[in-house]
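Here's the structure, in structure tokens; my notes come after.
The values are calculated or read from the model by the stated rules, or taken from the named source; none is laboratory data. Note that this is a predicted model, so its numbers are computed, not measured. Quick reminder, even Gly has a Cβ in these numbers, built from the backbone with ideal geometry, and neighbours come from all protein chains shown. Just the protein is used for accessible areas: all its heavy atoms, side chains included, with ligands, DNA and RNA removed. Shrake-Rupley method; radii C 1.70, N 1.55, O 1.52, S 1.80 Å.
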Amino acid sequence: MTKKLKMWKHASASQISTFRACNRKWWWQYIGGKKTPPSPAAELGSKMHTELENYLEKGVPLKSPICIAGLEYLPEPKKKGNLVEERFSMEDTRLPVRLVGIVDLVETEEERITDHKTTSNFRYAKTEEMLRVDPQAVIYMKWAMDDMRLDKIRFRHIYYRTKGSPASRVTEIEVTKAEVELRFEKIVETVNEMHFASRLDLPSKALPTPESCGDYGGCPFVGD
């Protein structure tokens with residue numbers, strides 16, 4: 001390799017999910033610096049997030065039928081105490097780097113976190129059981145419970161269907177601090193594995209996951 005390797009400075013939920021799916025893919029993206037352009041689905045999701053952000057934070061009326069389909073699940077816009085697109089940086093003595101993220105919505109009075117998800121089909125929606133161990137959910141709940149000093153919290157995905165007639169669906173869980181702390185131990189374990197992988201000087205030294213090569217239309221790093 002001739003390209004200078006990147007210094008790994010922070011972890012995130014998306015990084016953890018990528019690493020767990022394939023160590024080598026994560027290495028290429030975050031150490032080798034080989035970024036791929038966003039897919040049309042990702043670009044649509046970003047557009048929907050911006051529209052929902054403007055509605056919740058500024059009261060700008062929703063225009064997209066996709067977003068309007070989830071209106072029944074949204075709080076009133078500009079509600080005092082609610083945090084929209086809240087950035088956080090979390091440190092822990094067990095972690096070699098910071099954990100960072102952007103939370104779509106925190107309803108402080110309701111003690112609930114909401115994450116917006118666009119999907120082409122509701123069969124891809126996570127179940128309650130899946131949500132309890134989801135890296136993003138665990139990290140966001142850990143941050144919120146520490147920040148607001150809560151003993152329990154609710155977390156939900158609002159799914160907005162992007163194909164066919166507009167519709168929405170919710171998966172929601174309520175979790176105790178003890179459960180979140182237990183799940184967070186797995187996050188710590190993975191981030192420390194990522195720290196080790198970040199020191200590898202060649203992608204061939206990072207373990208591949210061949211069974212993941214065809215996921216989401218195929219990995220762009222197959223053969224690298």
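Here are some notes:
- Magnitude of the charge dipole for the chain, about its Cα centre and with charges confined to Cβ atoms of Lys, Arg (+1) and Asp, Glu (-1), is about 880 debye.
- By the compact-protein rule of thumb, 2.2 N^0.38 Å, the alpha-carbon radius of gyration of region 58-137 corresponds to a ratio of 1.31.
- Sum of side-chain charges, E189 neighbourhood, beta-carbon under 15 Å (Lys, Arg +1; Asp, Glu -1): +1
- Using the rule -39500 (n - 2.57) for each DSSP H run of four or more residues, divided by the residues of the chain, the 222 nm mean residue ellipticity is -11500 deg cm²/dmol.
- Region 23-167, relative contact order in percent, only Cα pairs under 8 angstrom and at least six apart counted: 21 percent
- Region 22-94: C-alpha gyration tensor shape, a/c 1.5 cut-off, then a/b vs b/c: oblate
- With all protein chains in place and a 1.4 Å probe, the accessible surface of the chain carries 51 percent carbon and sulfur.
- Global geometry of region 134-186, whether rounded, prolate or oblate, following the gyration tensor of its Cα atoms and the 1.5 cut on a/c: prolate
- 3J(HN,Hα) along region 163-175, derived from phi through the Karplus expression 6.51 cos²θ - 1.76 cosθ + 1.60 where θ = phi - 60°, amounts to 10, x, 5, x, 7, 9, 8, 10, 10, 9, 9, 10, 10 Hz, with x in place of Gly and Pro.
- Mean separation of Cα contacts under 8 Å (6+ apart) over length of region 59-102, as relative contact order %: 26 percent
- Summarising the amide proton neighbourhood of A167: residues at separation of 5 or more, or on other chains, whose placed amide H is nearer than 5 Å comprise R161.
- Using the Karplus relation 6.51 cos²θ - 1.76 cosθ + 1.60 with θ = phi - 60°, the per-residue 3J(HN,Hα) values for region 5-20 come to 6, 7, 7, 7, 10, 7, 10, 8, 4, 5, 4, 4, 4, 5, 4, 5 Hz, with x marking Gly and Pro.
- Amide hydrogen proximity for A11: with H placed 1.01 Å from N in the peptide plane, the residues at 5 or more positions away or on another chain lying under 5 Å are R98, L99, V100.
- With protein chains left intact and a 1.4 Å probe, residues in the chain average 55 Å² of accessible area per residue.
- Crossing angle, helix 135-148 versus the chain [Cα axis fit, 0-90 degrees, rounded to tens]: 60 degrees
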